[in-house]
Amino acid sequence: MKRETIRMLSAHVDDDEWINIARHEAGHAVAAILGTIDVYGNTFGIHKVHIRPRGTNFFLSRKGLPIYAYGLCEITGLYTASVGTAEFVKSTQPKMADHYIKCAEWEIIGCLAGPYADMVSRGHKSLKSIHWNAICSGVGESDFESLFALFDDLKILAGRRAGLEKLKDRTRRLVLDNWLAIDRLAAALMEKNSMSCADVMSVIGDLLPDRQPQALAA
């Protein structure tokens, strides 16, 4: 799976915009890592994270696919929304429903964390300002498309417990609480452009919260 930053920019983009892109991808990466810590107790939430300040054409993903984007976070993924997935879980694995709900919630947070970090980078702080400026600016169009598909599944899995406002607020708090890690990772991306999971952890591992699942609960 991947989180892409696709936006209408010229081939030459100044550093002020690239740091926003870097923080966008860093937001995705930090959220993905925190999600795997919470669900599985490990930090293997991503494969690689990239930005492309000197690229003017497509680049190849980990699977060799062409990607047209200024930034990309290749995540390992906790939940994939697809036709019939939620219905299948609900009918055949009811005892696992809470696990799938938690995974779907973290996937939604991961989608939002990129554009939210992008907006915090631009000076927005309140949830309303962060969320609506992210939508209106178009910096997370593909992220929001993934979010809506995931939330459709979450509504089936969680019923009345599904709440997007709660997840938006959790994402805002995650981004602000982990801003030092996001900013440090973005600075490293500005220098290296492409980083593996091990690279990422070497840069921000000391800034992550207590790696006990209960410390990251809603």
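The values are calculated or read from the model by the stated rules, or taken from the named source; none is laboratory data. None of the values given here were measured: they were computed from a predicted structure. Cβ atoms come from the backbone with ideal geometry, glycine included; neighbour counts cover every protein chain shown. The protein model used for the area step is the full one, side chains on, heavy atoms only, and it has no ligands, DNA or RNA in it. Shrake-Rupley method; radii C 1.70, N 1.55, O 1.52, S 1.80 Å.
Taking the criterion of being more than 13 Å from Gly27 (Cβ to Cβ) and in a helix (DSSP H, G or I), the residues of the stretch 105-133 that qualify are Glu105, Trp106, Glu107, Ile108, Leu127, Lys128, Ser129, His131, Trp132, Asn133. For the condition under 17 Å from Tyr116 (Cα atoms), modelled with pLDDT of 75 or more and touching a Phe, Trp or Tyr at 6+ places or on another chain (Cβ under 9 Å), Ala31 qualifies. On the stretch given as the stretch 164-205, residues that are surrounded by 14 or more Cβ atoms within 10 Å (Cβ to Cβ) and not in a helix (DSSP H, G or I) total 4. Collect the residues in the stretch 185-200 that are over 16 Å from the mean Cα position of the chain (by Cα) and either among the β-branched types (Val, Ile, Thr) or over 16 Å from Ile21 (Cβ atoms) (or both), keeping them in residue-number order. Across the stretch 185-200, the qualifying residues are Ala198, Asp199.
Quick check on the stretch 111-127. Is at least one of its residues without any contact (Cβ under 8 Å) to a residue 60 or more places away in the chain and among the polar types (S, T, N, Q)? Taking every residue of the stretch 111-127 in turn, at least one turns out to be without any contact (Cβ under 8 Å) to a residue 60 or more places away in the chain and among the polar types (S, T, N, Q). Condition check for Gly64 on (1) assigned to a loop (DSSP other than H, G, I, E, B); (2) modelled with pLDDT of 85 or more: one failure, at (2).
If we scan the stretch 71-85, do we find a residue that is open to solvent by 50 Å² or more (accessible area, probe 1.4 Å), touching a Phe, Trp or Tyr at 6+ places or on another chain (Cβ under 8 Å) and modelled with pLDDT of 90 or more? Yes; the residues of the stretch 71-85 include at least one that is open to solvent by 50 Å² or more (accessible area, probe 1.4 Å), touching a Phe, Trp or Tyr at 6+ places or on another chain (Cβ under 8 Å) and modelled with pLDDT of 90 or more.
The residue of the stretch 134-154 that is surrounded by the fewest Cβ atoms within 10 Å (Cβ to Cβ), among those that are over 17 Å from the mean Cα position of the chain (by Cα) and within 21 Å of Ala69 (Cα to Cα), is Cys136.
Scan the stretch 30-46 for residues that are polar (S, T, N, Q) and either open to solvent by less than 20 Å² (accessible area, probe 1.4 Å) or farther than 10 Å from Met201 by Cβ (or both) and the total you get is 2.
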